[in-house]
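Only one structure is covered here, and it is reproduced in the block below.
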Amino acid sequence: MAESWDGNHDPGSPSEESYHLERLHIEPIYDAFICPLTKQVMQDPVTLENGMTFERESIEKWFKECRDSGRKPVCPLTHRDLKSTELNPSIALRNTIEEWNARNEAAQIDMARRSLSMGSAEGDIMQALKFVQHLCQKSRTNKHVIRNAGLIPMIVDMLKTSSRRVRCKALETLLVVVEDDDDNKEVMAEGDNVRTIVKFLSNEQSKEREAAISLLYELSKSKNLCGKIGSVNGAILILVGMASSKSENLVAVEKAENTLENLEKCEINVKQMAENGRLQPLLTLLLEGSSDTKLSMAVFLGELVLNNDVKVLVARTIGSSLISIMRHGDMSSREAALKSLNQISSDESSAKILIEAGILPPLVKDLFFVGANQLPMKLKEVSATILANIVNTGYDFDSVPVGSEHQTLVSEDIVHNFLHLISNTGPAIECKLLQVLFGLTSSPTTVFNVVSAIKSSAATISLVQFIEAPQKDLRVASIKLLRNLSPHMGQELARCLRGTSGQLGSLIKVISENTGITEEQAAAVGLLADLPERDRGLTRQMLDEGAFQLAISRIVSIRHGETRGNRFVTPYLEGLVKVLSRITFVLNDEPNAVSLCREQNVAALFIELLQTNGLDNVQMVSAMALENLSQESKNLTKLPEIPKPGFCVSIFPCLSKPPVITGLCKVHRGTCSLRDTFCLLEGQAVDKLVALLDHTNEKVVEASLAAVCTLLDDGVDIEQGVHELCEAEGIKPILLVLLEKRTETLRRRAVWAVERLLRSEDISFEVSGDPNVSTALVDAFQHGDYRTRQIAERALKHVDRIPNFSGVFPNTG
């Protein structure tokens, strides 16, 4: 006889196992129990005519092989021919074996119970687990035996051992125990068992992780256990991660995916999956579930925070269904649909999908409709939010009908309805509708329609009044809209702000807030910057309100790094510089403006700002301001007082000598300084302006060239101006501007400057040998406007390309 721990014939079993078997008095295997062919204990013994006993399956296989080979059937032990292949069941032997098995298995189960404890040796535990697997695989009824013996909780406890081999074998054993057995699965649902298994999904050891996911997949086949698995904190998140992993074992990935599919039977799990980025199950329920399920899923979707890629998926999958609910659902369904649409409309790509799915007509109808079944104001606010999201996509809304008479969002009556709602609803919906108008005025294709409708409804004053709203969001939305309108309604807005209602002061107060740089501040300063700079009344009021001193202070603070930088710092700085530049447009007739520029040394600040590389608008506006300041220099310079001649000189003029006065500005012929007369020469600004003539931005070049040209203007010493430009190496850059012909404005200004330069004989002589300059002047003479052609003609005369007939014909006038 041969004996082993698990009852199989195993001559190679270790002596340690034999010791345990003897100690527990496990019955030995009798030779009569063993099939001569398989060497295994028989389950269905049968006897041949010669009295030999075999396992039914093995002897039937033997006879088949005899037939297939054309041999007569023989006994596999005696090799003698058999007259008959009839098999007679050996019932007595089978009953004896079954009784022996029962006694032996009972003893082995008892042995397993003793071995499955933390104090047992690793080898004993492993053998006990192998036995349990063998017993369950041998017969499904044995799974009930294992359960009734209380082994399942003991095997689960083995998951907490320090031995990796034991933990992995315990997971494998539990899988065998619960496979296709709902009662054993219910036992696994008790206590913290499921949570313990889920922990292994994060294990660094791939074998344990794979064993755990296989077990969890089997457990998830029970609907009762789906909720239990989903309730374990982090379980669904880990499963979603495994299912989408590219580094995980393919079998584990497949099992994780299958587990998630089983967990979808429970709605609360579907919601958890959606929270963790697995949206498709929720979307499927929203499309195919019962009415209650659809409503539940739509409500939950409206509360989710989605990334933009997911929003596009949702819009494509259920956008049309949600819009249909908006049109035809009851109030609770419409509310859920609107909140879901609010979530997905905040992404530009998904918003465009919704537009194409037809969201605009029902959305506009919900906003404007008054009567039975109208939306409550809180849902109209959601509708307005969705519309605000959608109009900021840059879509061509002029081509999308939204009304019964084919009106669009920018049709006059639709805009009038928006304006009416803005004036007659609460702050929340007013804010969203202002954002709608902001979006529509951000597009060059729709802004003119909105401007026209605002003018025809005389709504400018009411829009400006929102600048003083106590709600920050409402103020920001209003200021951003007004800024979009200012290029098209500048005078109207300036007129409103010049009034006594205090909106100008409110704007300045917003700009002055010392809380970093906010979107509201950037928008407010941008609005002031975009208003007509030559509106003297507005500039005077800004001067009285201290707007320019504030702008100077904030510009200096930013330049010195004292103000915290963020994404609004650039538009804020650009707006401040443009606001400050306004003061240079009223220098001619506003003494207080001149005084402020002197006190604050504004010219020096603008020269410094010329060097803010990367901020084209700041450089352009600074150059424009310096042009205005330099134009005023010839009026502010102090001309020298020539002393009256003495008595002798009045009698004998030949004795007089012209007085020599030193320290005068060569260009302005008087006493100059940067602070008091804004002289570019004194401020050493010429070389900085010349450097900008090579800028890639044409607007910067235009402004810089205009500032440089003030040194060649009437009322100054042009010859000295040319000399200063030579010193600053500015002649060649000006000629290059002429040759490049980048814009018509630049060509016009360059032709003017070159004509002034060519009045110098040295320069005209040098330029006359350059055919490129002559060609550029000829081109301007042929194709420029009337004034440019006149100037080009004079320039061509300087280089002898056109004869000067002024000396040929006598002056008859």
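The values are calculated or read from the model by the stated rules, or taken from the named source; none is laboratory data. This is a predicted model, so every value here is computed, not measured. Don't worry about glycine lacking a Cβ; one is built from the backbone with ideal geometry, like all the others, and counts go over all protein chains shown. All accessible areas refer to the heavy atoms of the entire protein, side chains included, with ligands and DNA or RNA removed. Shrake-Rupley method; radii C 1.70, N 1.55, O 1.52, S 1.80 Å.
Results, tabulated for the structure shown:
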quantity	calculated
Residues that are buried (at least 16 other Cβ atoms within 10 Å of the Cβ), in a helix (DSSP H, G or I) and within 60 Å of the chain's Cα centre (by Cα), drawn from the stretch 83-122	Ala112, Ser115
Members of the stretch 464-486 found to be small (Gly, Ala, Ser) and either part of a helix (DSSP H, G or I) or under 12 Å from Val447 (Cα atoms) (or both), listed by number	Ala477, Ser478, Ser486
Per-region count, the stretch 570-585, residues under 20 Å from Arg534 (Cα atoms) and surrounded by fewer than 21 Cβ atoms within 10 Å (Cβ to Cβ)	1
Single match in Thr612, Thr518 (criterion: open to solvent by less than 40 Å² (accessible area, probe 1.4 Å) and farther than 24 Å from Gln684 by Cα)	Thr518
Matching entry among Leu497, Leu507 (being modelled with pLDDT of 90 or more and not β-branched (Val, Ile, Thr))	Leu507
Sole residue being surrounded by fewer than 16 Cβ atoms within 10 Å (Cβ to Cβ) and under 31 Å from the mean Cα position of the chain (by Cα), chosen from Arg534, Arg567	Arg567
Considering residues of the stretch 264-283 that are in a helix (DSSP H, G or I) and of a type outside the set (A, V, I, L, M, F, W, C) only, the residue surrounded by the most Cβ atoms within 10 Å (Cβ to Cβ)	Asn269
Hits in the stretch 130-169 - residues which are among the hydrophobic types (A, V, I, L, M, F, W, C) and either surrounded by fewer than 13 Cβ atoms within 10 Å (Cβ to Cβ) or in contact with a Leu (Cβ under 9 Å, 6 or more places away or on another chain) (or both)	Val132, Val145, Ile146, Leu151, Ile152, Met154, Ile155, Val156, Met158, Leu159, Val166
Search result, residues across the stretch 186-202 that are within 15 Å of Leu174 (Cβ to Cβ) and of a type outside the set (A, V, I, L, M)	Glu186, Glu190, Gly191, Asp192, Asn193, Arg195, Thr196, Lys199, Phe200
Condition met for Leu286 (buried (at least 20 other Cβ atoms within 10 Å of the Cβ), in contact with a Lys or Arg (Cβ under 6 Å, 6 or more places away or on another chain) and part of a helix (DSSP H, G or I))	yes
Elements of type helices (runs of 4 or more DSSP H) contained in the stretch 668-756, each with 1 or more residues being of a type in the set (Asp, Glu) and under 24 Å from Lys797 (Cα atoms)	718-727, 731-740
Residues (modelled with pLDDT under 85, open to solvent by 60 Å² or more (accessible area, probe 1.4 Å), out of contact with any strand residue (DSSP E or B) (no Cβ under 9 Å at 6 or more places or on another chain) and not charged (D, E, K, R)) located in the stretch 628-655	Ile642, Pro643, Pro645, Phe647, Cys648, Ser650, Ile651, Phe652, Pro653, Cys654, Leu655
Count of the stretch 512-540 residues which are part of a helix (DSSP H, G or I) and of a type outside the set (Val, Ile, Thr)	16
Odd one out for Thr539, checked against (1) open to solvent by less than 40 Å² (accessible area, probe 1.4 Å); (2) of a type in the set (Ser, Thr, Tyr); (3) farther than 20 Å from Leu596 by Cβ	(3)
Complete set of residues in the stretch 229-263 that are surrounded by fewer than 20 Cβ atoms within 10 Å (Cβ to Cβ), over 25 Å from the mean Cα position of the chain (by Cα) and charged (D, E, K, R)	Glu248, Glu254, Glu257, Glu261
